[in-house]
Amino acid sequence: MNTRTNLLVRLFPTIVAYAMVFVLIGCTAPTATPDSVTAPAADTSPETIPTSEGTPAPLLAAPTSDCLGAGDASPQLAQHIYGMNVFLFKTDAERVLTLTDVMGASWIRQQIHWRDIEGERGQFVWGTLDRAVEQAREYDLRLFISIVRSPTWATDDGDDGLPDDLEALSTFVSQLATRYRGRISAYEIWNEPNLAHEHGGIPATPAEYLATLRAAYAPIKAADPCALVVSAPLASTINPDPALATDDLPFYEALYQLDDGAFLQLADAVGVHPGAGPFPPDARWPDDAPEQSHSYFRHIERVREIMLRYEDPRQVWITEVGWSIAEAPGAPPPVSEREQATYLVDTLWWVRQRYPWVTAVFVWNLNFSVISHPGDEKTTFSLLEPDWRIRPAFLSLQHDMNGLRDVDRPPFVSADAPVSHAWTFPGRAAIRTDVITDSDSITFVAIDSGVIYAIDPSGMLQWSYGMPGPTRNAPALAADGTLYLGSSVAMLAALTPDGQEQWLVRTRGPIRGSPVYAQEHVYVVSRDGEVQALDLNGSEIWYEDLGIGTTPVVAAPDGTLVVATMTGILHTLSADGDIVWQTDLETELRPAPSIAPDGTAFVAGVEGQVFAIDSNGDIRWQTDLEATIEAAPFFSTRDQMVYIAARDGSLTAIDAANGMLRWRVQLASDLRATPVQAAMVRCILAAKMKR
């Protein structure tokens with residue numbers, strides 16, 4: 001009988017740009033035996049080591065082009081959408097699409113005016129839209145159409161707001177979806193109807209908008225079942241003049257209350273426009289002034305609260321988000337060009353790491369500045385100058401959007417490997433540390449920039465903390481949930497389970513490997529071999545200078561410390577810092593040892609040797625894997641195996657009792673971190689992805 005073993009492994013392709021944490025389900029291993037290493041037994045290993053051969057490249061599976069809108073009224077898209085608001089009409093559309101493609105967006109949102117296509121009832125002029133649809137297909141960009149501006153003949157007072165002739169709207173959208181079946185991926189039914197200028201001079205009522213949505217939804221789905229229908233995003237506003245705008249929150253609330261909750265069945269996703277004030281996306285309004293939330297990006301969280309109150313399972317589409325960089329009538333207070341760039345990129349990361357209910361983000365906007373005059377407030381959001389020169393935000397988005405597009409593509413795993421993909425979490429810098437989990441299956445991973453992430457079992461960010469300087473070692477986890485994190489600028493921090501800093505102290509030197517928590521003490525070793533013991537308040541108790549660079553330090557069950565010099569000498573230190581014994585393994589050592597409950601130390605040499613050393617310093621067995629090893633061995637108490645991740649991409653299981661190889665799986669081109677077990681999730685892999 002096989003039991004499941006949960007292994008966490010990190011992958012390293014060669015070219016680094018950003019990091020991801022993968023979770024895989026289903027790692028299998030032989031039945032577990034007691035939590036100690038038994039004496040060497042007869043060789044019972046198979047004649048041939050079972051090997052699962054993966055393909056190192058591509059690391060990610062190929063993207064799919066599924067029918068997005070088929071099925072229930074609330075389809076759940078697995079891949080996030082990163083899009084751009086563009087204007088393709090009366091401009092150099094080829095140039096617009098080229099820039100969009102270069103930047104990394106995979107979708108474009110284009111508004112169309114119903115009145116321009118059906119200026120006279122029943123007379124359709126499709127030429128301009130035909131060209132735009134075909135051009136988008138040529139650039140392999142999915143097209144999201146926002147329908148606005150009624151013909152004068154479709155409204156009672158001759159304006160261009162929501163139509164009074166709802167049958168005419170049904171006919172139009174049916175013609176539209178039929179003509180472009182399979183070529184337009186999604187339709188948005190109006191834009192910001194709570195603003196007067198979007199509804200012929202007076203804000204629409206929730207009942208008027210619901211009737212419009214009802215008239216459009218069924219005809220579109222009948223003509224093109226694969227197309228998605230997105231409800232109109234409301235302007236995030238609390239304008240005191242009701243003749244100009246209606247507060248979006250009561251508007252959303254009323255939509256849910258009308259017609260026995262019909263709104264829940266009349267769109268595949270809920271469109272939202274967050275606040276557009278001069279604040280970064282992570283900023284929150286004052287606690288005593290909730291009415292100010294409308295000027296903050298996180299106002300979207302208040303919209304989400306309404307959705308949850310009405311048990312709305314649909315995903316949210318942010319169809320416009322941007323920051324103005326110049327003053328103009330109707331524009332929010334401006335920010336600098338640098339702030340615009342930073343805020344837009346931070347928004348993509350904030351949403352991806354924290355909002356599992358948001359599946360689409362469309363930046364507002366690429367090129368309105370090219371087609372309009374400087375006094376138009378829409379131009380102040382553009383990523384291009386009027387002469388087509390790019391603004392800093394374009395380059396910032398190009399750097400990160402291309403990477404984020406790959407995050408939702410599952411890692412490539414060969415068909416015969418015993419795993420499947422569960423979730424992926426993107427980090428904003430390279431991951432060079434091991435991944436650890438606590439008893440609640442919260443995953444902790446640190447990235448190069450000095451930030452540690454706490455990721456919940458669903459793959460969403462629970463909290464983050466920034467260390468001074470780069471962090472290239474995993475935190476130590478104490479029994480009470482306290483985390484101890486070191487940095488390469490000789491700093492050590494203690495964090496509470498919810499990510500609050502307890503203390504921050506300077507150590508004797510840049511920390512090598514992870515801190516160690518044992519016997520109510522914290523131990524670290526510097527790159528120069530200074531082993532240091534601190535109490536739980538961060539004060540030094542003792543230190544021992546080994547005089548040369550070492551492996552990271554680890555603790556044995558009896559309270560002793562095990563550390564090896566890079567020249568191959570393995571040391572055991574007492575809890576007071578005295579050397580108990582030392583053994584020369586005669587090979588270069590860099591990875592940390594791994595200690596079994598009975599005190600056996602498993603040590604890996606850089607050139608592929610794996611050793612088992614008993615608690616007296618005697619070598620019990622040695623196995624040569626003929627592969628470069630930079631990751632510490634992992635001893636599993638569940639199945640009595642030692643797991644080795646090697647630079648050639650192999651993950652190998654070795655019998656801890658006798659050193660015999662049991663199986664090997666080929667995962668990727670470069671493994672440099674230790675496999676780790678998790679309780680609820682199965683396998684976690686931290687990967688640095690190439691640009």
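Some points to look at:
- Residues (more than 16 Å from Ala601 (Cβ to Cβ) and in a strand (DSSP E or B)) located in the stretch 544-561: Glu544, Asp545
- Residue among Ile629, Ile654 that is within 24 Å of Ile569 (Cβ to Cβ) and modelled with pLDDT of 95 or more: Ile654
- Scan the stretch 322-334 for residues that are open to solvent by 10 Å² or more (accessible area, probe 1.4 Å) and either under 27 Å from Val270 (Cα atoms) or touching a Gly at 6+ places or on another chain (Cβ under 9 Å) (or both) and the total you get is 6.
- Of the residues making up the stretch 617-629, at least one is of a type in the set (Ser, Thr, Tyr) and within 17 Å of Gly659 (Cα to Cα).
- Residue satisfying condition, being crowded, with 16+ Cβ neighbours inside 10 Å, not small (Gly, Ala, Ser) and not in a loop (DSSP other than H, G, I, E, B), within set Phe263, Phe279: Phe263
- Glu188 vs. criteria open to solvent by less than 40 Å² (accessible area, probe 1.4 Å), under 22 Å from Gly69 (Cβ atoms) and either at pLDDT below 95 or not aliphatic (A, V, I, L, M) (or both): yes
- Taking the criterion of being over 33 Å from the mean Cα position of the chain (by Cα) and buried (at least 19 other Cβ atoms within 10 Å of the Cβ), the residues of the stretch 215-229 that qualify are Ala215, Ala216, Pro219.
- Any chance Glu311 is acidic (Asp, Glu), on the phi > 0 side of the Ramachandran plot and outside any helix (DSSP H, G or I): yes
- Of residues in the stretch 361-382 being open to solvent by 20 Å² or more (accessible area, probe 1.4 Å) and among the small types (Gly, Ala, Ser), the one farthest from Asp101 (Cα to Cα): Gly375
- Residue within the stretch 336-354 that is open to solvent by 40 Å² or more (accessible area, probe 1.4 Å), among the small types (Gly, Ala, Ser) and without any contact (Cβ under 8 Å) to a residue 60 or more places away in the chain present: yes
- Restricting the first member to the stretch 511-535 and to residues that are more than 16 Å from Thr433 (Cα to Cα) and free of Cβ contacts under 8 Å to residues at least 24 places away in the same chain, and the second to residues that are surrounded by fewer than 21 Cβ atoms within 10 Å (Cβ to Cβ) and of a type in the set (Val, Ile, Thr), the beta-carbon pairs closer than 7 Å and six or more apart or on different chains are Asp535/Ile541.
- Evaluation of Ile318 against the conditions (1) over 24 Å from the mean Cα position of the chain (by Cα); (2) outside any helix (DSSP H, G or I); (3) among the β-branched types (Val, Ile, Thr) shows that the sole unmet condition is (1).
- Thr550 being closer than 18 Å to Glu630 by Cα, crowded, with 17+ Cβ neighbours inside 10 Å and touching a Leu at 6+ places or on another chain (Cβ under 9 Å): yes
- Check on Gly122, open to solvent by 30 Å² or more (accessible area, probe 1.4 Å), in contact with a helix residue (DSSP H, G or I) (Cβ under 9 Å, 6 or more places away or on another chain) and among the small types (Gly, Ala, Ser): yes
- Scan of the stretch 429-443 for residues that are part of a loop (DSSP other than H, G, I, E, B) and either in contact with a strand residue (DSSP E or B) (Cβ under 7 Å, 6 or more places away or on another chain) or open to solvent by 20 Å² or more (accessible area, probe 1.4 Å) (or both), ordered by number: Ala429, Ala430, Ile431, Arg432, Thr433, Asp434, Val435, Asp438, Ser439, Asp440, Ile442
- Strands (runs of 3 or more DSSP E) contained entirely in the stretch 447-536, each with at least 1 residues that are open to solvent by 10 Å² or more (accessible area, probe 1.4 Å) and more than 22 Å from Val563 (Cβ to Cβ): 451-455, 461-466, 501-506
- Residue under evaluation Glu167, criteria (1) closer than 21 Å to Val229 by Cα; (2) surrounded by 15 or more Cβ atoms within 10 Å (Cβ to Cβ), criterion not met: (2)
- Checking the stated criteria, Ile541 turns out to be out of contact with any helix residue (DSSP H, G or I) (no Cβ under 6 Å at 6 or more places or on another chain), without any contact (Cβ under 8 Å) to a residue 24 or more places away in the chain, surrounded by fewer than 22 Cβ atoms within 10 Å (Cβ to Cβ) and assigned to a strand (DSSP E or B).
- Residues that are open to solvent by less than 20 Å² (accessible area, probe 1.4 Å) and free of Cβ contacts under 8 Å to residues at least 12 places away in the same chain within the stretch 286-306 comprise just one, Ala289.
- Scanning the stretch 568-598 for residues that are open to solvent by less than 20 Å² (accessible area, probe 1.4 Å), closer than 19 Å to Pro515 by Cα and either of a type in the set (Gly, Ala, Ser) or assigned to a strand (DSSP E or B) (or both) turns up Leu570, His571, Thr572, Leu573, Gly577, Leu589, Ala592, Ser594, Ala596.
- Considering Ala564, Ala631, Ala657, the condition of being closer than 19 Å to Asn473 by Cα and assigned to a loop (DSSP other than H, G, I, E, B) is satisfied by Ala631 alone.
- Residue match in the stretch 361-378 (condition: touching a residue at least 40 places away in the same chain (Cβ under 8 Å), farther than 30 Å from Asp448 by Cα and of a type in the set (D, E, K, R)): yes
- Long-range neighbours under 6 Å by Cβ, at least six apart or interchain, first residue touching a residue at least 60 places away in the same chain (Cβ under 8 Å) within the stretch 588-606, second crowded, with 21+ Cβ neighbours inside 10 Å and of a type in the set (Asp, Glu): none
- Residue count for the stretch 183-208 satisfying the condition of being touching a helix residue (DSSP H, G or I) at 6+ places or on another chain (Cβ under 9 Å) and in a loop (DSSP other than H, G, I, E, B): 12.
The values are calculated or read from the model by the stated rules, or taken from the named source; none is laboratory data. Remember, it's a predicted structure, so these values are computed and weren't measured experimentally. Note: ideal-geometry Cβ built from the backbone for every residue, glycine included; neighbour counts use all protein chains shown. To get the accessible areas, we keep the full protein, side chains included, count just its heavy atoms, and leave off ligands, DNA and RNA. Shrake-Rupley method; radii C 1.70, N 1.55, O 1.52, S 1.80 Å.
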